[in-house]
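Peer 1: What follows is a single structure, and I will ask about it in a moment.
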Amino acid sequence: MTLSKVLIIAGSDPSGGAGIQTDIKVATSLGVYASAVITSLTSQNTVNVSNIYNPDSRILDSQLQSVLQDIEFDVIKIGMVGSRDNIDVILKNISKYCKKTPIVVDPVMVATSNDSLFEYEDLDLLKAIISSAKIVTPNIDEAERLSQISINSNDDIVLAAKKIQEIGVENVLIKAGHLDQGEKVENIFLDKDGVVNVVENDRLDKGKIHGTGCALATAIACNIAKSNDITLAVKGANEYIFKNIEKSQKVGSGSLILTHF
Ligand code: PLP
């Protein structure tokens with residue numbers, strides 16, 4: 001059996017609920033080998049993000065070169081980018097080593113705790129990364145920022161998805177969990193042919209859960225690595241997250257987390 005390999009480029013959440021720690025758990029639980037390069041070191045727990053430390057981007061550059069010169073990845077997942085210098089470094093390494101590798105971008109901006117994880121003046125640079133991606137997975141807030149459309153309904157989500165696709169990304173999945181739509185969560189998946197799919201699941205009344213966005217993007221990446229069918233990858237990942245939300249647990253005094261087992 002061939003081994004599928006994902007390169008995760010993301011921030012560190014020491015509490016293990018989100019970020020690169022969760023991404024590795026997702027990949028492992030889906031049977032995909034994970035390499036991981038860290039963009040940013042956060043101090044956070046299940047309650048809040050108290051500090052963000054972005055190491056010198058030369059470290060990211062050196063680590064990306066090391067892994068990319070050696071390992072051929074089936075897919076790359078990009079999460080929290082950290083700094084504008086990091087974005088430059090990521091773009092440079094992708095165009096040098098892995099132009100054809102499918103990329104999943106989770107355009108991380110704000111944590112569930114409402115703490116900011118992104119400098120908005122870097123939005124145009126983030127769009128450059130998004131334009132090289134196979135799929136981008138914004139939540140409602142991120143989709144509003146990227147599309148400049150205020151979202152209050154499913155029609156607005158579709159409009160925003162189309163606007164985001166104009167950035168140059170093939171596929172757009174907008175996570176609608178934060179939009180109050182009643183008993184179902186209806187995520188909108190706009191594929192590269194312009195077809196709008198509704199990827200829905202029952203709404204579970206669990207309260208705040210930390211790390212679902214990171215986990216979903218990584219699950220999509222792992223499914224792409226295994227089969228390369230984007231629609232199946234999105235639906236399978238949604239199912240994976242839904243099942244894990246059902247089993248979510250409390251490990252601290254704040255948000256619940258996904259265990260991935
Ligand atoms: N911390 C890091 C390092 C992340 O990459 C993310 C991803 O979105 C978060 C925190 C936010 O996670 P959540 O919004 O689920 O709290």
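The values are calculated or read from the model by the stated rules, or taken from the named source; none is laboratory data. What you see is a predicted model; the values in this text were computed from it and never measured. Neighbour counts are summed over all protein chains in view; Cβ atoms, including those assigned to glycine, are modelled from backbone coordinates with ideal geometry.
Peer 1: Of (1) assigned to a loop (DSSP other than H, G, I, E, B); (2) touching a Lys or Arg at 6+ places or on another chain (Cβ under 8 Å), residue 17 satisfies all except one. Which?
Peer 2: Every listed condition holds for residue 17 apart from (2).
Peer 1: Residue 213 - would you say it is surrounded by 15 or more Cβ atoms within 10 Å (Cβ to Cβ) and out of contact with any Pro (no Cβ under 6 Å at 6 or more places or on another chain)? Talk me through it step by step, then tell me what you get.
Peer 2: On the way: surrounded by 15 or more Cβ atoms within 10 Å (Cβ to Cβ): yes; out of contact with any Pro (no Cβ under 6 Å at 6 or more places or on another chain): yes.
Yes, satisfied.
Peer 1: Could you please find all residues in the stretch 9-25 being more than 13 Å from residue 60 (Cβ to Cβ) and buried (at least 24 other Cβ atoms within 10 Å of the Cβ)?
Peer 2: Once the filter is applied, which keeps residues that are more than 13 Å from residue 60 (Cβ to Cβ) and buried (at least 24 other Cβ atoms within 10 Å of the Cβ), the stretch 9-25 yields 13, 17, 18, 19, 22, 23.
Peer 1: Mind listing whichever residues of the stretch 69-84 are surrounded by fewer than 17 Cβ atoms within 10 Å (Cβ to Cβ) and either of a type in the set (Gly, Ala, Ser) or under 15 Å from residue 128 (Cβ atoms) (or both)? Steps first, answer last, please.
Peer 2: Step one: filter the stretch 69-84 for residues surrounded by fewer than 17 Cβ atoms within 10 Å (Cβ to Cβ), giving 69-72, 84.
Within the stretch 69-84, just 84 meets the criteria.
Peer 1: Of the residues 248, 227, which single one is away from the ligand (no atom under 15 Å from the Cβ), of a type in the set (S, T, N, Q) and surrounded by fewer than 24 Cβ atoms within 10 Å (Cβ to Cβ)? Give the derivation first.
Peer 2: On the way: 248 fails: away from the ligand (no atom under 15 Å from the Cβ).
After applying the criteria, what remains is 227.
Peer 1: Right, something else. Go through 225, 219, 237 for me and flag whichever is under 22 Å from residue 23 (Cα atoms), touching a strand residue (DSSP E or B) at 6+ places or on another chain (Cβ under 8 Å) and modelled with pLDDT of 95 or more. Step through it out loud before you land on a result.
Peer 2: Numbers: 219 fails: touching a strand residue (DSSP E or B) at 6+ places or on another chain (Cβ under 8 Å); 237 fails: touching a strand residue (DSSP E or B) at 6+ places or on another chain (Cβ under 8 Å).
None of the others qualify; the one that does is 225.
Peer 1: Scan the stretch 15-28 for residues that are within 9 Å of the ligand (Cβ to nearest atom) and closer than 12 Å to residue 212 by Cα and jot them down.
Peer 2: Listed by number, the residues that qualify are 17, 18, 19, 22, 23.
Peer 1: Would you mention how many residues in the stretch 188-216 are more than 14 Å from the ligand (Cβ to nearest atom), within 24 Å of residue 114 (Cβ to Cβ) and modelled with pLDDT of 95 or more?
Peer 2: Qualifying residue count for the region: 1.
Peer 1: Restricted to the stretch 251-261, and to residues that are surrounded by fewer than 14 Cβ atoms within 10 Å (Cβ to Cβ) and of a type outside the set (Ser, Thr, Tyr), which residue is farthest from the ligand (Cβ to nearest atom)?
Peer 2: Checking each candidate, the answer is 261.
Peer 1: If I ask for residues that are surrounded by fewer than 17 Cβ atoms within 10 Å (Cβ to Cβ) and under 25 Å from residue 114 (Cβ atoms), which ones from the stretch 168-183 would you list?
Peer 2: Listed by number, the residues that qualify are 178, 180, 181, 182.
Peer 1: Which condition from (1) assigned to a strand (DSSP E or B); (2) closer than 17 Å to residue 18 by Cα; (3) not small (Gly, Ala, Ser) is the one that residue 259 breaks?
Peer 2: In the conditions (1) assigned to a strand (DSSP E or B); (2) closer than 17 Å to residue 18 by Cα; (3) not small (Gly, Ala, Ser), residue 259 misses (1) alone.
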